[in-house]
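S.K.: Structure provided below as structure tokens; questions to follow.
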Amino acid sequence: MSRERNISVIQGLRYQGGGVQLAWLLHRISGLGIVLFVSLHILASFFGGDFGKFTNGIYEAWWFQLFVIFCALFHAINGLRITVLDLWPKLLEYQREAIWMEWAVFLPIYGIAIFVIIQTALGG
């Protein structure tokens with residue numbers, strides 16, 4: 001029993017899912033970012049030498065630190081929202097409010113992280 005969907009690629013890309021779709025997409029991107037970071041970290045430890053020095057230089061870059069913190073923090077907070085909604089299915093009707101709450105928690109914490117990392121990068 002499969003469904004047939006006659007949706008073109010253009011229509012699929014124009015999907016306006018709002019906050020739920022954005023959270024879904026960022027959760028996948030942040031998960032891939034975490035996998036990339038851990039994989040590079042393992043490879044740098046395994047091979048060492050010039051490759052290890054090169055990857056450590058990337059890790060120390062402020063822009064990479066912002067990316068890793070974004071991935072870890074967003075993935076954790078969004079995962080917590082998903083877990084709460086899975087444990088209490090009656091709350092699913094408040095999914096949009098839960099996403100607003102997620103952003104209300106994420107943005108100030110990430111804003112502080114941005115401030116600290118950039119201040120440190122500027123030598124302050």
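The values are calculated or read from the model by the stated rules, or taken from the named source; none is laboratory data. Being a predicted model, the structure only gives us computed values, none of them experimental. Please note: Cβ atoms are built from the backbone with ideal geometry, for glycine as well, and neighbour counts cover all protein chains shown.
S.K.: Just a yes or no: is a residue in the stretch 12-31 of a type outside the set (D, E), at pLDDT 95 or above, closer than 30 Å to G123 by Cα and assigned to a helix (DSSP H, G or I)?
M.R.: Yes - at least one qualifying residue is present in the stretch 12-31.
S.K.: Only one of F115, F70 is more than 17 Å from Q21 (Cα to Cα), more than 18 Å from the chain's Cα centre (by Cα) and at pLDDT 95 or above. Can you tell me which?
M.R.: One residue alone meets the criteria, F115.
S.K.: Let me ask you something else. Looking at the structure I just gave you, is G52 of a type outside the set (F, W, Y), surrounded by 14 or more Cβ atoms within 10 Å (Cβ to Cβ) and over 17 Å from L22 (Cβ atoms)?
M.R.: Yes: the conditions hold for G52.
S.K.: Can you find even one residue in the stretch 65-84 that is at negative phi, in a loop (DSSP other than H, G, I, E, B) and out of contact with any Lys or Arg (no Cβ under 8 Å at 6 or more places or on another chain)?
M.R.: no
S.K.: Can you name the condition, by its number, that W62 falls short on among (1) without any contact (Cβ under 8 Å) to a residue 12 or more places away in the chain; (2) surrounded by 11 or more Cβ atoms within 10 Å (Cβ to Cβ)?
M.R.: Unmet for W62, out of (1) without any contact (Cβ under 8 Å) to a residue 12 or more places away in the chain; (2) surrounded by 11 or more Cβ atoms within 10 Å (Cβ to Cβ): (1).
S.K.: When F67 is evaluated against the numbered criteria (1) loosely packed, with under 13 Cβ neighbours inside 10 Å; (2) under 30 Å from L122 (Cβ atoms), which criterion, by number, is the only one it fails?
M.R.: Going through (1) loosely packed, with under 13 Cβ neighbours inside 10 Å; (2) under 30 Å from L122 (Cβ atoms) one by one, F67 breaks only (1).
S.K.: Search the stretch 98-124 for residues that are assigned to a helix (DSSP H, G or I) and surrounded by 15 or more Cβ atoms within 10 Å (Cβ to Cβ) and pair each with any residue that is at pLDDT below 95 and among the polar types (S, T, N, Q) when their beta-carbon atoms are under 6 Å apart and the residues are at least 6 apart or on different chains.
M.R.: Cβ pairs passing all conditions: I117/Q65.
S.K.: Now, a different point. Suppose we filter the stretch 105-124 for residues that are closer than 22 Å to R28 by Cβ and of a type in the set (A, V, I, L, M, F, W, C); how many remain?
M.R.: The qualifying residues number 5.
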